[in-house]
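Asker: For reference, the structure I am asking about is given below.
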Amino acid sequence: MIATSKTYDTATDIMDSYKLAIGQRLRTLRLKMGISQNLFARALETAPNHICQIEHGRCIPGGKLLRNMHEQFGIDITWLLSGQSANTTSSLFRSEVAALVANYARADSNGKAFLVYAASFLMEELIRTPHPIPPAPQLAAGSAPCQDPPSAWHPTPDS
């Protein structure tokens, strides 16, 4: 995760930032594919306004919609939700773990004790400290806002 000077005070602030980032990534993908919101929504069996709501950071896609995005368009869901490719994330993690294990194996008993102490200290800090989250990129100026959904339309968690 990229550290920035901006920190968030509430879970709502964090969630809003994630929703905006997910929406921007989805919009970027859709535009790169050259597909309108209407065609994209139709292919995913959801309302066009739901796609608009996601792209503007007002909601996040549910499990069924994420599955359909992957099946219909080959969208990397890990990247859509986190900004990191599933392959990159797992290969980086594996190489970091391999390096840590190799360093631990080469260390003497004092070095091993220090590494265990440092790792436990870092884990405690990780749990206690709120982490800065990069702000989500804003949508391009002049992008048309979507209409509010009709009052009879309510997205389900799986849509």
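Asker: Which of 12, 78 has the fewest other C-beta atoms within 10 Å, and how do the rest follow up to the most?
Answerer: Details: 12 9, 78 16.
Least crowded to most crowded, the residues run 12, 78.
Asker: Here's another thing I want to ask about it. Work out, step by step, the length gained on full extension between residue 13 and residue 120: first 0.36 nm times the residue separation, then minus their alpha carbon distance; give nm to one decimal.
Answerer: Details: separation 107, 0.36 × 107 = 38.52 nm, distance 2.88 nm.
Result for the pair: 35.6 nm of gain on full extension.
Asker: Sort 19, 32, 112 by Cβ crowding within 10 Å, fewest neighbours at the top. Let's see the in-between values first.
Answerer: Values: 19 18, 32 8, 112 14.
Ascending Cβ contact count within 10 Å gives the list 32, 112, 19.
Asker: Using the 10 angstrom Cβ neighbour count as an exposure proxy, how do 81, 65 rank, fewest first?
Answerer: 81, 65
Read-outs: derived from the displayed coordinates by stated rules, not from any lab. Quick caveat, the model's predicted, so the values are computed rather than measured. Cβ atoms come from the backbone with ideal geometry, glycine included; neighbour counts cover every protein chain shown.
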